[in-house]
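Values in this text are rule-based calculations from the coordinates and carry no lab data. Not measured: the values here are computed from a predicted model. In this analysis, Cβ positions are derived from the backbone assuming ideal geometry, glycine residues included, and neighbour counts consider all displayed protein chains.
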Amino acid sequence: MSKTYDSSSIQVLEGLEAVRKRPAMYIGDTSTKGLHHCVFEVVDNSIDEALAGFASFVRVTLNTDGSVTVEDDGRGIPVDVHKTEGVPAVEVILCKLHAGGKFDKDTYKVSGGLHGVGVSCVNALAESLEVEIHRDGGAHRQTFSRGVKTMELERLGDSDRHGTKLTFKPDATIFDTVEFVYDSLSRRLREMAFLMGSSGLVIELSTENGERSDTYEYPGGLVDYVEFINENKQALHEKVISISATTEDSQGNAVDVDLAMQYNDTYREDVHCFVNSINTTEGGTHLSGFRAGLTRALNNYAKRESLIKANEVPPSGDDFREGLACVLSVKLADPQFESQTKIKLGNREVEGIVASIVQEQLTTLIEETPSLGKTMVNKAVLAARARDAARRQRDLVRRKGALASGNLPGKLADCQSKQRDETELYLVEGDSAGGTAKMARDRVFQAILPLRGKILNVEKARLDKMLNHEEIQILITALGAGFGADEFDLEKLRYGKIIVMTDADVDGSHIRTLLLTFFFRQMRELVEAGRIYIAAPPLYKLKRKGKERYILDEREMRRTLLDIAVEGARVESILGEDLFEGDTLRELMDAVQQLEHFREEFADDRRGLSLAQYVAAADGERLPRRRVRLADGSAEIFHTSAAGAVRFEELSADDQAHADLFAYPEADEIETLLATLSKHKVRFVDLHPDDETARYRVTEDGEEPIELNDLPAVVAFLREAGEKGVDIQRYKGLGEMNAEQLWESTMDPERRTLFPVVLEDAMVADQLFSTLMGPGVEPRREYIEKHALEVRNLDV
Ligand code: 0RA
């Protein structure tokens, strides 16, 4: 970057009203996605500073007041007076659309995603924005609101630092939601850190309250990324392969190609590709170039070394990518995207460029390290064999008619409607519940498929074995959309919704997980299209005054009984003259009831504090998030999870082995409950007073008043009163319901609860499935131990 920027290189285009009028035009939409887009818009600028060699860190902080701060140690936004505008450049950059010194053609914007609309858009959509700049020997500050300055640029004093610190609070009148989602920001920032890795950049994300903080620093770049992907998988060769080159296209523009890859023992291809740091989820010419180069290099090598026998099925391109984890990143000056959403690269020339770089460097590499070449080819030979076996298996099954639609499995009770989108297929655990469901359903639009026993864990099986499994064949046939990478066709799906209906017990949740694993691995499109649902059969039925209702779980039960009791009841405090009734009474009783519930849970959990001790350890209104207990019995309490985790990690290995780290994930919930108490002027310590004084007078409609000691006693009394005239039935499983009950509670669209299965982050899901359902015992044990700390009611 030889070019120097100053205010003269910034051109002025138009005003910001346009952005406020039609925000979606600039940031995509006004959902969480658009909201996050604003953060990345600023972050991109910081990252550009890092790529240009001026910044070494980017720090993102989610502040308690709902604003977000992005800080870097780059050159700082220019503050000198703009030649034609006559105001400081920073003001032009923040208040004029498309103004930005970086709009020159000399360099491409490497960090940018869909971004590049300019920080002025962020300013336009911010209720308030403050920028602090260290540059030219001084510290400077200016503030804005909704794109308009609220003060002139101010010089705060001398400074020998350089950098930009920008804080903005999103405008709640523009966005559907102004709450940043930590995990979602963290995912993209981590991805950016991987992609920028080798430039030495450190990206930090934290919340101002210290609750969460993460540092992303990946000097290994793409190699680190691939190691991360393969973290819980068995790698087939020790070192991650790294390929990179810079060339020119026919126009003389620079094209950078970087990739890292490593085979693992799974059967899936896991390739992530990027263009100028944009995740091109639909691939494009760079991806097809990579595939061609890989296939050619390995095919030629296999031929030369006679690694494939004459009577053997030759590996296809797919076979060469079985079990391949790969990250491919290309950078080019003028990317052409095939779709508006920029997820598929269209530049034709890139294909040949990537293909020849990959072929060339890979060939050299495997010639230098023959064992590596053999490992890769062998994996592909096995994949080809399995593919062939699967094909034969499929042909066999197809000949038997099982995979062809039109020849439906006998167990399936199909529905009548041909309007696909209004139809539903229930996958039911066991023949007996299946039978009930068949009687219960509305046969016009509901189909039932009973599944017997456990279906195969597809995480541990290859295709041919999977197709051999009868329940899976039946499932594939019933869905009617085919199977396998080239055959699955969402359009052919025979039902609008696929609903998994299992018992609320260990077996039920296991079967549910196996089914979800199957859908995620083999029919991901079904999940992505939002077609999969989980049915929620109730745990209880409650009858009162001739009326029945179903209750989903314990918690709803407690609340319902209290609701009934609170009707027509009044509670007076004898000492304080407070009167509670109606909604106020319900709110207070509900809080007391929940706190008592926590009190019991604390009493018998292994974290070793009573609820009273725990609440007493509060710092102001903040409850502890972590507690570390050492082997000698001494313990420390931490109000932020980060501090507790750090303290734990600081211990020696021996101390760690003998120390316990306890998490309090319910802290937020309890804080809210305590706040409700204080809203009603009740102190936590008064819930269980030491003496036996009657403090509350309770009057139920048409009954004599009764005096009680404390609020938990009032709750118990009211709940007992509520239970009078109420008949409760508990269901242990679907099998205990008759057809009518099953229909009313779980299958009637008007009354049931359905949980849609959504795929938030395919990469995280992928790792989770590998960890929990894959063959490795150690990663699973680690996962469960780590998360056991976070889980209170492990409902299995
Ligand atoms: C315009 C020109 C220059 C830098 C920046 C903007 C800039 C913007 C942001 C936003 C967040 N951090 C930032 N850092 C820099 C070039 C300045 C020069 O030539 O010295």
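Remark on segment 221-367: ratio of C-alpha radius of gyration to 2.2 N^0.38 Å is 1.05. Footprinting exposure proxy ranking of Leu16, Leu412, fewest other C-beta atoms within 10 angstrom first, gives Leu412, Leu16. Measuring between alpha carbons in the structure, the pairs from Lys497/Lys724; Lys465/Lys497; Lys233/Lys454; Lys233/Lys344; Lys169/Lys233 lying more than 31 angstrom apart are Lys497/Lys724; Lys169/Lys233. With a Förster radius of 22 Å applied to the C-beta separation of Leu552 and His510, the computed FRET efficiency comes to 0.60. By its C-alpha gyration tensor, with a ≥ b ≥ c as the square roots of the eigenvalues, how is the chain shaped: rounded for a/c under 1.5, else prolate for a/b larger than b/c, else oblate? Judged from the Cα gyration tensor, the chain comes out oblate (a/c at least 1.5, b/c at or above a/b). The local environment of His37, defined by Cβ-Cβ distances under 11 Å, has a net charge of -1 under the rule Lys, Arg +1 and Asp, Glu -1. The loop-placed GluC sites (Glu not before Pro) in segment 190-257, going by DSSP, that have at most 11 neighbouring Cβ atoms within 10 Å of their Cβ come out as Glu238.
Please report how far the C-alpha centroid of segment 276-293 lies from that of segment 166-213, rounded to the nearest whole angstrom. About 26 Å separates the Cα centre of segment 276-293 from the one of segment 166-213.
Which of Asp72, Asp605 comes first, and how do the rest follow, when ranked by fewest Cβ neighbours within 10 Å?
Asp605, Asp72
Each of Ile343, Thr364, Ala413 was placed along the dipole of segment 297-439 (beta-carbon charges, centred on the mean Cα), and the one lying farthest toward the positive end is Ala413. Protection proxy ranking for 698-707, 27-36, 666-675, using the average of other Cβ atoms within 10 Å per residue and placing the highest first: 27-36, 666-675, 698-707. So which trypsin sites (Lys or Arg not before Pro) in segment 564-657 pass both tests, a DSSP loop state and at most 13 other Cβ atoms within 10 Å of the Cβ? Taking segment 564-657 and a limit of 13 other Cβ atoms within 10 Å, the loop trypsin sites (Lys or Arg not before Pro) found are Arg606. Taking the dipole about the Cα centre of the chain, with the C-beta of Lys and Arg at +1 and of Asp and Glu at -1, give me whichever of Ala635, Val119, Ser198 is farthest to the positive side. Of the candidates, Ser198 comes out farthest on the positive side. For the chain, the share of DSSP beta bridges that are antiparallel, to the nearest 5, is 75%.
Hand me the trypsin sites (Lys or Arg not before Pro) from segment 250-327 located in a DSSP loop with no more than 13 other Cβ atoms within 10 Å, in residue order please.
Those that pass, being in a loop and sparsely packed, are Lys309.
Placing +1 on the Cβ of every Lys and Arg and -1 on the Cβ of every Asp and Glu, with nothing else charged, gives the chain a dipole about its Cα centre of roughly 3460 debye. Arranged from fewest to most other beta-carbon atoms within 10 Å of their beta carbon, Val226, Val527 become Val527, Val226. Listed by chain and number, the aspartates and glutamates whose C-alpha is less than 19 Å from the C-alpha of Lys438, apart from same-chain residues fewer than 8 away, are Asp414, Glu422, Glu424, Glu429, Glu471, Asp503, Glu736, Glu740, Glu744, Asp748, Glu750.
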